[in-house]
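*Asks:* Structure incoming, see below.
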Amino acid sequence: MMTRHYKVAGHTFAVSGSNELFEQMENYEPFRCEGGEPLFTLTECSGVVPEYTEEFRQEDMEPYIVCGRTSSGNDVFEFKERKKSFGCLICSKDYCEGRFIMTDGISKLMFNSALMIMFTLATAGKGTLLFHAAVVSQEGKGYLFLGTSGTGKSTHAQLWLEHIEGTELVNDDNPVVRDGVVYGSPWSGKTPCYRNVSYPIGGIVMLSQAPYNKIRRLSGIEAYVDLAESVGGKIWDSRIAEGQHQTENTLASTIPMWHLECLPDEAAARLCHDTIKR
């Protein structure tokens, strides 16, 4: 058993586990640090899934996650596929400690999911959100592209890379936002992009597919709802949910947001860029 420290969006956390586990953590290497007081520690353990009461399921992914609580009040997140259990994450009540029990051997996918959940819970009250978004940087600012699965977030980011000079990919699917700054993370989508970089947010764009290109500014409740729907993780703990709400509300009221109805073409990228950089 060994322990390593990592820092994402200014938050240090620790992972304790076997050599086999760390061999599958190459995406975390750009975020590795020498130490410091961790916000939370996630420990690889052996054992069985404890008894718990199911609260809800997140079945929009495979494997799906069953979320619940033990009789002593600890949150449990069990990873399943076709009713087979692959292990679970058990959190302390203050989310400072987590145990990651794998019942079917080391799984990089399960571990990434467990660590993302721990990060989300531990940072929710600290002005930090983990988003489902593609992010690019251009002229020193970061731009987030939001949208439901299959909308074309990665495609639009790629169009910026191809047609907008000076654009670089920050993260393909799971960036972290904290205090008006967007950060790269150890988690990404289909395009591996694990960059330890950060940029002040220049704008946030909600995408939707259309047979034309049209963009308009969002404000108020529209902006808040779009942000809330793009934040990773469903939270049933009122303390954590309130922390997320406050951060979402601050973002919606301080960061410029737009809705882009678009085709997957160069004209959409240029319209988006020229409007939000105006």
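The values are calculated or read from the model by the stated rules, or taken from the named source; none is laboratory data. None of the values given here were measured: they were computed from a predicted structure. Note: ideal-geometry Cβ built from the backbone for every residue, glycine included; neighbour counts use all protein chains shown. When the accessible area is computed, the model is the full protein with side chains, heavy atoms only, and any ligands, DNA or RNA have been set aside. Shrake-Rupley method; radii C 1.70, N 1.55, O 1.52, S 1.80 Å.
*Asks:* Suppose we keep only residues that are touching a Leu at 6+ places or on another chain (Cβ under 8 Å) and not in a loop (DSSP other than H, G, I, E, B) within segment 147-157. Which one would you say is nearest to L263 (Cα to Cα)?
*Replies:* So, considering only residues that are touching a Leu at 6+ places or on another chain (Cβ under 8 Å) and not in a loop (DSSP other than H, G, I, E, B), the one nearest to L263 (Cα to Cα) is H156.
*Asks:* Restricting to segment 156-204, what's the tally of residues that are within 29 Å of L109 (Cα to Cα), hydroxyl-bearing (S, T, Y) and over 14 Å from the mean Cα position of the chain (by Cα)?
*Replies:* Looking only at that region, the number is 3.
*Asks:* Say we look at segment 1-27 and pick out the residues that are among the polar types (S, T, N, Q) and open to solvent by 10 Å² or more (accessible area, probe 1.4 Å); which of these is nearest to K108 (Cα to Cα)?
*Replies:* So the residue we want is Q24.
*Asks:* Restricting attention to segment 103-127, which residues are out of contact with any Phe, Trp or Tyr (no Cβ under 7 Å at 6 or more places or on another chain) and surrounded by fewer than 23 Cβ atoms within 10 Å (Cβ to Cβ)?
*Replies:* G105, I106, K108, L109, T120, G125, K126, G127, listed by residue number.
*Asks:* Look at segment 168-186 and say how many of its residues are open to solvent by less than 10 Å² (accessible area, probe 1.4 Å) and assigned to a strand (DSSP E or B).
*Replies:* 5
*Asks:* Still on this structure: (1) within 24 Å of A252 (Cα to Cα); (2) crowded, with 19+ Cβ neighbours inside 10 Å: which one isn't true of I164, the others all being true?
*Replies:* (1)
*Asks:* Here are R270, R217: which of them is in a helix (DSSP H, G or I) and in contact (Cβ under 8 Å) with a residue 24 or more places away in the chain?
*Replies:* From the options R270, R217, the qualifying one is R270.
*Asks:* So, one more: Only one of G243, G189 is part of a loop (DSSP other than H, G, I, E, B) and closer than 18 Å to L130 by Cβ; which?
*Replies:* After ruling out the rest, the residue left standing is G189.
*Asks:* Which ones in segment 128-146 are open to solvent by less than 10 Å² (accessible area, probe 1.4 Å) and outside any strand (DSSP E or B)?
*Replies:* A133
*Asks:* Working only within segment 204-214, note down all residues that are surrounded by fewer than 19 Cβ atoms within 10 Å (Cβ to Cβ) and in a strand (DSSP E or B).
*Replies:* S208, Q209, K214, listed by residue number.
*Asks:* In segment 28-42, which residues are closer than 17 Å to L109 by Cα and surrounded by 16 or more Cβ atoms within 10 Å (Cβ to Cβ)?
*Replies:* Y28, L42
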